[in-house]
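Novice: Before I ask anything, here is the structure I am working with.
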Amino acid sequence: MLIKLGVSAPAPSDAAKRAELASLTTELDAMYGEGKYCPPGTNKDGKKTDCKNLDELGETIATSRNYAELTEAWVGWHSIAKPMRPKYQRFVELANEGAKELGFDDVGVLWRARYDMPVEDFEKEGDAALRPGEAAVQGPALLRAQAPRSSVTARTRCRTASRSRRTC
């Protein structure tokens, strides 16, 4: 079962479909890595606005509080994905076929099987995280300390710290 769950995109048993899935995976990775959004208009110097890659758009989304800038980054982020849609749809069809061969309804069920747990186990983990007294004393600070941090936020902190001559 662990081997089945360790595959994020299970390939179908048909050799031609396996090759197609591998090719689609490579193409989608390349498209994602090369993706750039070039906003319309010009900058202050009258030159065409610089294009932004997905990392730069993600940085804007993670750090900006300017509504117009956030909206532009969000629209740009999603415009990069439009050409990927048909390839991704085929990728999902092939991965679903592979997941069915492994005994799952589809690849989504396979992915969720990694994380699903019985209610009793979930309650035990919740009880351990918020022991009586700790939550009352530490309250929101305890919850913030336990919250996962995104890699974009961590990179932003690192860059900010580096600018002030501290190391990360």
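Novice: Are there any pairs, at least 6 apart or on different chains, whose C-beta atoms fall under 8 Å, with the first in the range 83-107 and in the same structural domain as S23 (by TED's automatic domain parsing) and within 13 Å of L21 (Cα to Cα) and the second basic (K, R) and part of a helix (DSSP H, G or I), and if so, which?
Specialist: From residues that are in the same structural domain as S23 (by TED's automatic domain parsing) and within 13 Å of L21 (Cα to Cα), the pairs are L94/K17; E97/K17.
Novice: Yes or no: the range 48-57 includes at least one residue that is assigned to a helix (DSSP H, G or I) and more than 17 Å from the chain's Cα centre (by Cα).
Specialist: No, the range 48-57 contains no residue that is assigned to a helix (DSSP H, G or I) and more than 17 Å from the chain's Cα centre (by Cα).
Novice: Could you check E20 against (1) at pLDDT below 90; (2) surrounded by 12 or more Cβ atoms within 10 Å (Cβ to Cβ) and say which number it fails?
Specialist: It fails just one condition, (1).
Novice: Hey, another quick one. Please indicate, with yes or no, whether at least one residue in the range 57-78 is in the same structural domain as V107 (by TED's automatic domain parsing), within 30 Å of D105 (Cβ to Cβ), at pLDDT 90 or above and of a type in the set (A, V, I, L, M, F, W, C).
Specialist: no
Novice: Another question about this same structure. Only helices (runs of 4 or more DSSP H) wholly contained in the range 80-153 count here; list those with 1 or more residues that are at pLDDT 65 or above and basic (K, R).
Specialist: Ranges flagged: 85-101, 107-113, 119-129.
The values are calculated or read from the model by the stated rules, or taken from the named source; none is laboratory data. Computed from a prediction, not measured in an experiment: that's the story for all the values here. Cβ coordinates were reconstructed from backbone atoms using ideal geometry, including for glycine residues, and neighbour counts include every protein chain displayed.
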